[in-house]
Amino acid sequence: MAALIQVSCSSSPKQPPRAINPASPVLSGNDYKYDPEQAAVANARLGVEYMKQGRYKVALAKLKKALEQDDNNHEAHVTAALLYEQLGQLDVTNEHFAKALKLRPKDASTHNNYASYLCRQQQFALAQEHFKQAMKDPLYDTLELVHTNIGLCALRFNQTVQARESFETALKDNPDFSTALYQLAELHEQKGEINQALQYFERYEKVAPHTAQTLWLGVRIARALGQRDREANYAFLLKSNYPNTEFARLLGLSEQNRY
């Protein structure tokens, strides 16, 4: 599954912000006055929402506007860093992360996002340092996200033992964290530990919807256990809902080789 990112920069998850018109004046005292810092907050939040929707052009415009209004807006810098990474402009990504860390050097979410970015850039040792910084914040209440990102990072470097330990630690923080559940099911299946894989997979099914990737794992687990009806159900869902994916292609190849 794709690496996790946390676009929101606070210590705890936020509800999606309501729509705000950043061009509107902001109430200050008894008079309506334009407040550039508040306008920047509004544009930064809109940038986050547009980025989540994959509307990168609009998101970038909102983030640029936010930073014009207030270059010290931390959320705008972090979101801009992640967005420029998606656009392949890594020099600009580095600049925005540097500014965000300067503004909030102890912010756990920023360290988590930066560490995940460094891992994607094959900078494993430096990534580990920033993951450690993220875990130092006693008020950070989504440590399962950090531990899962550490596990995903370890997988990139084929460090499966560390990855498994990190995913298990994530589940101690949050037993229903779906990404960690899926990853542990995958790791156990790959090692031929099918009963353990099934346990994590069934826990995943209780807390998250299936994707093409999880259905393909379900097919493999059910096949290994000789559960033909269950295998057929997962296969049907994969072919019906995700016919053009790589996982559907792998399913087709496996069926040709099998029969």
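The values are calculated or read from the model by the stated rules, or taken from the named source; none is laboratory data. Since we're looking at a predicted model, the values are computed, not measured. As a convention, Cβ positions derive from the backbone with ideal geometry for all residues, glycine included, and neighbour counts pool all protein chains shown.
Take Glu231 and tell me if it is buried (at least 17 other Cβ atoms within 10 Å of the Cβ), over 28 Å from the mean Cα position of the chain (by Cα) and of a type outside the set (Gly, Ala, Ser).
yes
Any residue in the stretch 127-143 that is under 30 Å from Leu181 (Cβ atoms), modelled with pLDDT under 95 and in contact with a Leu (Cβ under 7 Å, 6 or more places away or on another chain)?
Taking every residue of the stretch 127-143 in turn, at least one turns out to be under 30 Å from Leu181 (Cβ atoms), modelled with pLDDT under 95 and in contact with a Leu (Cβ under 7 Å, 6 or more places away or on another chain).
Identify, from the list Gln256, Gln199, Gln162, the residue that is polar (S, T, N, Q) and within 25 Å of Cys119 (Cα to Cα).
Only one candidate qualifies: Gln162.
Any chance the stretch 163-174 includes a residue that's more than 26 Å from Leu101 (Cβ to Cβ) and of a type in the set (Ser, Thr, Tyr)?
No, that holds for no residue.
Of all residues in the stretch 100-129, how many are crowded, with 24+ Cβ neighbours inside 10 Å and more than 16 Å from the chain's Cα centre (by Cα)?
1
Report, by residue number, each residue of the stretch 52-62 that is assigned to a helix (DSSP H, G or I), at pLDDT 95 or above and either under 19 Å from the mean Cα position of the chain (by Cα) or surrounded by fewer than 19 Cβ atoms within 10 Å (Cβ to Cβ) (or both).
Keep residues of the stretch 52-62 that are assigned to a helix (DSSP H, G or I), which gives 52, 56-62.
Okay, now just the ones that are also at pLDDT 95 or above, so 56-62.
The answer is Tyr56, Lys57, Val58, Ala59, Ala61.
Would you check which residues across the stretch 114-126 are more than 19 Å from Thr179 (Cα to Cα) and part of a helix (DSSP H, G or I) and list them?
Selection gives Tyr114, Leu118, Phe124, Ala125, Leu126.
What's the number of the only condition in (1) more than 23 Å from His111 (Cβ to Cβ); (2) without any contact (Cβ under 8 Å) to a residue 40 or more places away in the chain that Lys65 fails to meet?
All conditions are met except number (2).
Would you mention how many residues in the stretch 212-253 are assigned to a loop (DSSP other than H, G, I, E, B) and either among the charged types (D, E, K, R) or within 19 Å of His188 (Cα to Cα) (or both)?
Adding up the residues that qualify gives 2.
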